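Everything on this sheet refers to the single structure shown next.
The values are calculated or read from the model by the stated rules, or taken from the named source; none is laboratory data. All of these numbers come straight from a predicted model, not from anything done at the bench. For neighbour counting, all protein chains shown are included, and Cβ atoms are generated from backbone atoms with ideal geometry for every residue, glycine included.
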Amino acid sequence: MFTNRLIEIEFSSRTAVVEAANRAVSRLSNHLELTEYRVEPLVRVDAALVSPWGDEAAKASAFAYRIHLGSLNAAEWSELRADFLRPLAQQGVAVREVQLAA
C-alpha cells in the first residue's frame, strides 16, 4: 500500500536544535531517494503555526517545517522514520506524523 504523508517538525530557537533540524531537512532528498516532497517553513505564534513572512512572525516562539511527502510504501516509511524522524526527536525536535490518504 502506498500512502501520502505529512510530517511536521517543530523546534526551539536554540542554535543546536535549529542546526540539527536544518541539516536533517537539507539531507531529506538523500533518504530513500525521495523525489516528491515539499518543505513549508513555519513559525509558532501562540497556538498556531503561521507563515514566517507575516506580521505575526516577529512574535514567534518556535520554528517549524511542514514536510509534504509523496507516496511511500511501508518499507520506505519505516526507513524514513528510523533514519530521519527518530534522530530528530532525540535532539529535541517535536515530530508529528499525519496520514493524509490511504
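Values for this structure:
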| quantity | calculated |
| --- | --- |
| Residue list for segment 63-82, restricted to those being within 15 Å of the chain's Cα centre (by Cα) and either farther than 18 Å from Leu6 by Cβ or among the β-branched types (Val, Ile, Thr) (or both) | Ile67, Ala82 |
| Residue among Arg44, Arg23, Arg86 that is charged (D, E, K, R) and in contact with a strand residue (DSSP E or B) (Cβ under 6 Å, 6 or more places away or on another chain) | Arg44 |
| Residue selected from segment 4-26 under the condition out of contact with any Lys or Arg (no Cβ under 9 Å at 6 or more places or on another chain) and buried (at least 16 other Cβ atoms within 10 Å of the Cβ), by the criterion nearest to His68 (Cα to Cα) | Arg5 |
| Residue in segment 26-45 that is in a strand (DSSP E or B), in contact with a helix residue (DSSP H, G or I) (Cβ under 7 Å, 6 or more places away or on another chain) and modelled with pLDDT of 90 or more present | yes |
| Criterion: free of Cβ contacts under 8 Å to residues at least 60 places away in the same chain and assigned to a helix (DSSP H, G or I) - qualifying residue of Ala75, Ala64 | Ala75 |
